[in-house]
Amino acid sequence: MQYASGEYVVKLEEMGARISMSRKGNVYDNAFAESFIKTLKVEEVYLKEYETLEDAHKNIK
């Protein structure tokens, strides 16, 4: 699995991120996050042209 590599998990832990992966066969595990990302893209990201990552960060808090 691409996102379960040892290096990836170590990097997440170093950053203090909480690792969350869907259970096999449960399509609803990640529904909240997917819905949020879709809304963010439609209501913010697709409407703007960011020149830098800093510009995006200022708009998306």
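List the chymotrypsin sites (Phe, Trp or Tyr not before Pro) within the stretch 29-61 that DSSP assigns to loop and that have no more than 14 neighbouring Cβ atoms inside 10 Å. Hits after loop and neighbour filter: Tyr50.
Under Stokes-Einstein, with the Kirkwood radius over Cα pairs as Rh, the value for the chain at 25 °C and 0.890 mPa s is 173 µm²/s. Once both labels are positioned 7 Å from their Cα atoms along Cα-to-Cβ, the gap between Phe32 and Ile60 label points is 1.9 nm.
Bear in mind that the values in this text are calculations on the coordinates, not laboratory data. Quantities reported herein were computed from a predicted structural model and do not represent experimental measurements. Positions of Cβ are backbone-derived with ideal geometry, glycine not excepted, and every protein chain shown enters the neighbour counts.
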